[in-house]
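See structure below.
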Amino acid sequence: MLVENLNNINQKIQLACQKAQRSVDDVTMIAVTKSVESGTAKELAELGIENMAENRVDKLLEKKMALKNFSSIKWHLIGNLQRRKVKLVINEIDYFHALDSLKLAEEIQKRAEKEISCFIEVNITGEETKHGFKPEEVIEFIHELAPLDKIKIVGLMTMAPFDASEHDLHEVFSKLKKLQLAINDLNLLHAPCTELSMGMSNDFPIAIEEGATFVRIGTAIFRGA
Ligand SMILES: *Cc1c(COP(=O)(O)O)cnc(C)c1O
């Protein structure tokens, strides 16, 4: 079941890459394990999955502990992070995908023992329920981060509206890509901004067509695409 689902996803990634004339090597699939137990995450690790994500701090720490023998796994925290939890998790992860305020960045700066690769979360459509900066706020925020030497902005992250049409999904993802390129063009040492974390089970092929370099996939792995 897992193998079949993973093969399916890989095929879709390949197709989307072909369509967009991109190399599959430029797209990393992150397995989002929030809906399964550690045992299932372990099965994924045994199948060679090397990027794992959780959206909650306690669950990430639990899975990381259970999978401690798989030392090559990269750990991604993809959900909103409360400031009081930063110290518990920030030195346990390889990527943080949901940087959404200066106060949070300052707490990370205070607690991090190494440089942390962060994505800035961007709320492209302005939905009230979503975290993240408005697109027009992002560049100013990046300039504010310059003194914080523990924070490296590797890219931008977004979540598309759940019920968006294909047309609207293309638009959301291409807007994030444009913003990423604009930041990349600034040539800032602390914000190379080469990556795009976008695309989930129901929209990852479109995200890849629009330039995603990390897709975050849960449901499609465990329940099929
Ligand atoms: C749960 C989650 C995903 C994965 O969603 P699926 O639809 O299950 O693939 C991706 N990103 C974030 C931030 C999530 O919370």
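Bear in mind that the values in this text are calculations on the coordinates, not laboratory data. Predicted, not measured: the structure shown is a model, and the values here were computed from it. Please note: Cβ atoms are built from the backbone with ideal geometry, for glycine as well, and neighbour counts cover all protein chains shown.
Assorted remarks:
- Split the chain at each of the GluC sites (Glu not before Pro) in a DSSP loop with at most 14 other beta carbon atoms within 10 Å, and the longest piece is 129-225.
- About the Cα centre, charge dipole magnitude for the chain (Lys/Arg +1, Asp/Glu -1 at Cβ), debye: 680
- Taking H170, H97, H143 and counting other C-beta atoms within 10 Å, the order from fewest to most: H143, H170, H97
- A full extension of the chain between A66 and T219 corresponds to an added length of 53.0 nm, given 0.36 nm per residue minus the alpha carbon distance.
- Residues K68, K87, arranged from fewest to most other Cβ atoms within 10 angstrom of their Cβ, appear as K68, K87.
- Entry note, the chain: the mean residue ellipticity at 222 nm calculated from DSSP H runs of n ≥ 4, each adding -39500 (n - 2.57), is -11500 deg cm²/dmol after division by the residues and rounding to the nearest 500.
- Label zone (L188, point 7 Å along Cα-to-C-beta; backbone nitrogen cut-off 17 Å) within region 107-139: 107-109, 116-123, 132-139.
- Cβ-based charge dipole, the chain, positive-most Cα from I151, T213, G126: I151
- Fluctuation leader among V154, V57, V36 - the chain, Gaussian network, Cα springs under 10 angstrom: V36
- For the residue pairs K19/K152; K42/K87; K34/K85, the C-alpha atoms sit more than 20 angstrom apart in K19/K152; K42/K87.
- q = 0.15, 0.21 Å⁻¹: log10 I(q)/I(0) that the Debye formula gives for region 1-153, counting C-alpha atoms only: -0.91, -1.30
- When each of K74/K114; K134/K177; K110/K178; K12/K175; K74/K134 is checked by Cα-Cα distance, pairs over 26 Å: K110/K178; K74/K134
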